[in-house]
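Worksheet for the structure shown next.
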Amino acid sequence: MGTSGFSWKLDDHPKLPKGKTIGLIVLDGWGEADPDQYNCIHVAETPIMDSFKKIHDVLAINIGYEFTVHTAPEKWRLIRAHGKAVGLPTEDDMGNSEVGHNALGAGRIYAQGAKLVDLALASGKIYDGEGFKYIQQCFDKGTLHLIGLLSDGGVHSRLDQLQLLLKGASERGAKRIRVHMLTDGRDVLDGSSVGFVETLENDLAKLREKGIDAQIASGGGRMYVTMDRYENDWEVVKRGWDAQVLGEAPHKFQNALEAVKKLRAEPKANDQYLPPFVIVDGSGKAVGPIVDGDAVVTINFRADRMVMLAKALEYQDFDKFDRVRIPKIHYAGMLQYDGELKLPSHYLVSPPEIERTSGEYLVHNGVRTFACSETVKFGHVTFFWNGNRSGCFNSEMEEYVEIPSDVGITFNVQPKMKAIEIAEKARDAILSGKFHQVRVNLPNGDMVGHTGDIEATIVACKAADEAVKMIINAIEQVGGIFVVTADHGNAEDMVKRDKKGKPQLDKTGNIQILTSHTLQPVPIAIGGPGLVPGVRFRGDMPTGGLANVAATVINLHGFVAPSDYETTLIEVVDH
Ligand SMILES: O=C(O)[C@@H](CO)OP(=O)(O)O
Ligand SMILES: [Mn+2]
Ligand SMILES: [Mn+2]
C-alpha cells in the first residue's frame, strides 16, 4: 500500500474465537425467486439448501439426513447481488461472476469495468489516455481492429460502448476499421445476434458515408470462438485467431448479417456456439486480417474471457497453439485484465483498483486457506476473489486446487459437472486440519443454467445441493462453521418474463428461454457447531449485499474487519 502507518494486522474480535475451520461455499448462479416450473432450484430436490431457510426453534436441527445441521431462522437471509450493490452502472444490470466474486472477496463496492468505461467515454478521457494514444499511432497507415462481444448484456461488453468508440476513434483519425464480432446468446436472448449485427452494420454504413472504410471482418459464437477462460480449451482461442488474424475460417460470407442468419439456420445452431466465419470481398479475399502496423483493441471490459486472447496477442513466447503469423501491432485492452500479470500492458481505461482484499488480510493474520473449483470457475474463487490477480499471496499459507473441467461439451450433457469432486477436495481439506478457510465455487446452477436446458438445470441444482451436503458434513465433523452463499442468480429463473412476471411468449407462442443471469437476490446461510451461540444476522441491514460478506467472514475467523470494509452482516447477542 505504501500508506504510512498502514498495518495488515486485524484487531481481535471481542466475542468471536479464532482458529475455527470455515467452509465457504459459493453456489454459482443460485438466486432466490418465487417458486414455479421455471425455477429449477425450486423444482430440483435441494434438501440441504432448503433446510437453511426453515424456521426452527432450536439451534441444532436434524433434517433427516445422516448428519445434523446447526442452524436457526436468523442464520439465513437474502442479499443483493446485482446493480449498484456490486458496482454496476444501474439497477437494471444483472449480477455476474466477476463483480460478484470481486465484492465477496474484497468486501467493498468498486465502480466496475462497465461503469468505468461509461464514465471514460462520456467525459472523453478515454481518448486522452496512454492506451488510446498508443493505438492512434497506427491510424495513419494501419487498420484499427475491434474484437469483442456484440451484446448489450453488460456482463462482458456493451454495444453502446462499441458504438461510441467507433465514433470517437473515427473522429480521431482512424480511417480503416474492422470489427471482429462475437455473438452472445448467453447474457441476452438467443437469436438477438441478428438485431445487434443490424445495428452495427447501420453504424458502419454511416461511417462509410463519411469516407471511413469500416466493415465487419469476422465473427463466431462466444463459447466456440475466442472467449474461453482459465485456459480450459485453447482451441477456442485458436479458432478466433485464425479468423481474426489470419483471415481464415471454414465459413466465408460477403456480409455479416447473411453470415449470422445462415449459420443460425443450421440444425441446433445458437448464438453462443456459432462457428467462426470471415467476411470476404468479391474475389474471395478476407477483408480484414490483422497485419503488421495495425492497431487492435479488445473491447470487452470483463477480464476472464479476454485474458487468453490478450496473451496470444501480446506474448512473444507463446506455445498454446501455432499462431502461424505474429503481426507487429499496437494492442490495447479496453481495460487491463490481469493486475498481477499486467496484461495487457496497454489499455484504454484503468481497471478498478481492488486492493487489500480479504484473502490478503487473512493471510497476513495467520489464516490458512484452501480454494478449489473446476477449471471453468477456478479463477472465480482465486483470481476474481483476490481482485483480478492470478496466483496466491503466500504459497505457504494458501493452496489453490483446480479440477479439470470437461472440454468441448455444453454442460447440459454433464449437468453434475465436477460438483462432487470439488466437494471431495473440500472435505479432505477440511478434515486435514491444515486450513482455516476452505473456499469453493460450485458451478452447476450457472453453467447448466446458461445452456437454457431446464431438465438439465434441475439435475445440476440437485448435484450442487449434494456437494453442499458433503462439505457441511465435514464441517460438522471438525466443529467448524459454514457460510453458504451465491454470486448472482441464474437457475432460479429460466424464462423471460413480462413486467408482471408472467412468462413472455414469442411470435410463435412459445416461451422464451432465459439463458442469462438475473436480477434476483441470493441467499446466505451461516451455521455449524463452531458458530458461537448468539451469532445471528443483524436486523438493521435490509439492503445488505455481497460486499458485506467479507467482513462477516473475517469476523467468523475471529477478527474485526478493516474499517473501510462494508459492514458485517452478523452480530453476537448474549446467550
Ligand atoms: O459465462 C460467463 O462468462 C458469464 C456470463 O456471460 O457467467 P459468469 O458471470 O457466471 O461467469
Ligand atoms: Mn457466476
Ligand atoms: Mn454465469
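So the values come out like this:
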{"read-out": "Any hit, segment 456-469, residues being of a type in the set (D, E) and in contact with a helix residue (DSSP H, G or I) (Cβ under 8 Å, 6 or more places away or on another chain)", "value": "yes"}
{"read-out": "Residue match in segment 229-239 (condition: assigned to a helix (DSSP H, G or I), more than 16 Å from ligand 2 (Cβ to nearest atom) and of a type in the set (V, I, T))", "value": "yes"}
{"read-out": "Conditions (1) farther than 14 Å from I570 by Cα; (2) touching a residue at least 12 places away in the same chain (Cβ under 8 Å): number failed by V535", "value": "(1)"}
{"read-out": "Residue among S390, S373, S395 that alone is within 18 Å of the chain's Cα centre (by Cα), under 30 Å from I430 (Cα atoms) and surrounded by fewer than 20 Cβ atoms within 10 Å (Cβ to Cβ)", "value": "S390"}
{"read-out": "Filtered residues of segment 541-572 (kept if of a type outside the set (A, V, I, L, M, F, W, C), within 20 Å of G366 (Cα to Cα) and surrounded by 23 or more Cβ atoms within 10 Å (Cβ to Cβ))", "value": "T552, H557"}
{"read-out": "Residue among G449, G480, G445 that is small (G, A, S), at negative phi, in contact with an Asp or Glu (Cβ under 7 Å, 6 or more places away or on another chain) and modelled with pLDDT of 95 or more", "value": "G445"}
{"read-out": "Unmet criterion (only one of (1) surrounded by fewer than 18 Cβ atoms within 10 Å (Cβ to Cβ); (2) within 16 Å of ligand 3 (Cβ to nearest atom)) for R538", "value": "(2)"}
{"read-out": "Residues of segment 462-490 that turn out to be closer than 25 Å to R80 by Cβ, among the charged types (D, E, K, R) and more than 16 Å from ligand 2 (Cβ to nearest atom), as a count", "value": "1"}
{"read-out": "Residues of segment 262-281 satisfying the condition of being in a helix (DSSP H, G or I) and free of Cβ contacts under 8 Å to residues at least 60 places away in the same chain", "value": "K262, L263"}
{"read-out": "Single residue of segment 57-90 satisfying the filter (surrounded by fewer than 22 Cβ atoms within 10 Å (Cβ to Cβ) and at pLDDT 95 or above) that is nearest to ligand 2 (Cβ to nearest atom)", "value": "G83"}
{"read-out": "Residues within segment 101-153 that are within 20 Å of K175 (Cα to Cα) and of a type in the set (S, T, Y), tallied", "value": "3"}
{"read-out": "Pair list, Cβ under 8 Å, 6 or more apart: segment 214-229 residue free of Cβ contacts under 8 Å to residues at least 60 places away in the same chain, other residue among the acidic types (D, E) and buried (at least 24 other Cβ atoms within 10 Å of the Cβ)", "value": "G221/D271"}
{"read-out": "Segment 87-101 residues that are touching a residue at least 12 places away in the same chain (Cβ under 8 Å), paired with ones that are among the hydroxyl-bearing types (S, T, Y) and more than 9 Å from ligand 1 (Cβ to nearest atom) (beta carbon under 7 Å, 6 or more apart)", "value": "G87/Y110; M94/T518"}
{"read-out": "Every residue from segment 403-462 that is under 24 Å from H488 (Cβ atoms) and acidic (D, E)", "value": "D406, E421, D446, D453, E455"}
{"read-out": "Selection status of T515, within 16 Å of ligand 3 (Cβ to nearest atom), within 13 Å of L189 (Cβ to Cβ) and not in a helix (DSSP H, G or I)", "value": "yes"}
{"read-out": "Residue in segment 499-522 that is without any contact (Cβ under 8 Å) to a residue 12 or more places away in the chain and among the hydrophobic types (A, V, I, L, M, F, W, C) present", "value": "yes"}
{"read-out": "Which listed residue is surrounded by fewer than 18 Cβ atoms within 10 Å (Cβ to Cβ), within 23 Å of K262 (Cβ to Cβ) and away from ligand 2 (no atom under 16 Å from the Cβ), from G148, G191", "value": "G191"}
{"read-out": "Sole exception among (1) in a helix (DSSP H, G or I); (2) touching an Asp or Glu at 6+ places or on another chain (Cβ under 7 Å); (3) away from ligand 3 (no atom under 15 Å from the Cβ) for E74, by number", "value": "(2)"}
{"read-out": "Segment 419-469, subset more than 19 Å from the chain's Cα centre (by Cα) and assigned to a loop (DSSP other than H, G, I, E, B), residue nearest to I481 (Cα to Cα)", "value": "H436"}
{"read-out": "Pair list, Cβ under 7 Å, 6 or more apart: segment 402-430 residue in contact (Cβ under 8 Å) with a residue 24 or more places away in the chain and crowded, with 23+ Cβ neighbours inside 10 Å, other residue among the hydroxyl-bearing types (S, T, Y) and assigned to a loop (DSSP other than H, G, I, E, B)", "value": "F411/T451; K418/S405; I430/T21"}
{"read-out": "Members of segment 344-355 found to be surrounded by fewer than 19 Cβ atoms within 10 Å (Cβ to Cβ) and under 19 Å from V381 (Cα atoms), listed by number", "value": "E353, E355"}
{"read-out": "W30 being at pLDDT 95 or above, touching a strand residue (DSSP E or B) at 6+ places or on another chain (Cβ under 9 Å) and aromatic (F, W, Y)", "value": "yes"}
{"read-out": "Test: G185 is assigned to a loop (DSSP other than H, G, I, E, B) and crowded, with 20+ Cβ neighbours inside 10 Å", "value": "yes"}
{"read-out": "Selected residue (criterion: nearest to the chain's Cα centre (by Cα)) from residues of segment 20-52 that are within 16 Å of ligand 3 (Cβ to nearest atom) and of a type in the set (V, I, T)", "value": "V26"}
{"read-out": "Test: residue in segment 372-380 that is among the aromatic types (F, W, Y), within 16 Å of ligand 2 (Cβ to nearest atom) and under 27 Å from Y38 (Cα atoms)", "value": "no"}
{"read-out": "Of residues in segment 443-492 being within 16 Å of ligand 1 (Cβ to nearest atom) and of a type in the set (D, E), the one farthest from P404 (Cα to Cα)", "value": "E492"}
{"read-out": "From the options L531, L514, L519, residue that is out of contact with any Asp or Glu (no Cβ under 9 Å at 6 or more places or on another chain) and either more than 30 Å from G153 (Cα to Cα) or surrounded by fewer than 24 Cβ atoms within 10 Å (Cβ to Cβ) (or both)", "value": "L531"}
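The values are calculated or read from the model by the stated rules, or taken from the named source; none is laboratory data. It should be emphasised that the depicted structure is a prediction, and the values quoted were computed from it without experimental measurement. Every residue, glycine as well, gets a Cβ built from its backbone with ideal geometry; the counts of neighbours run over all protein chains shown.
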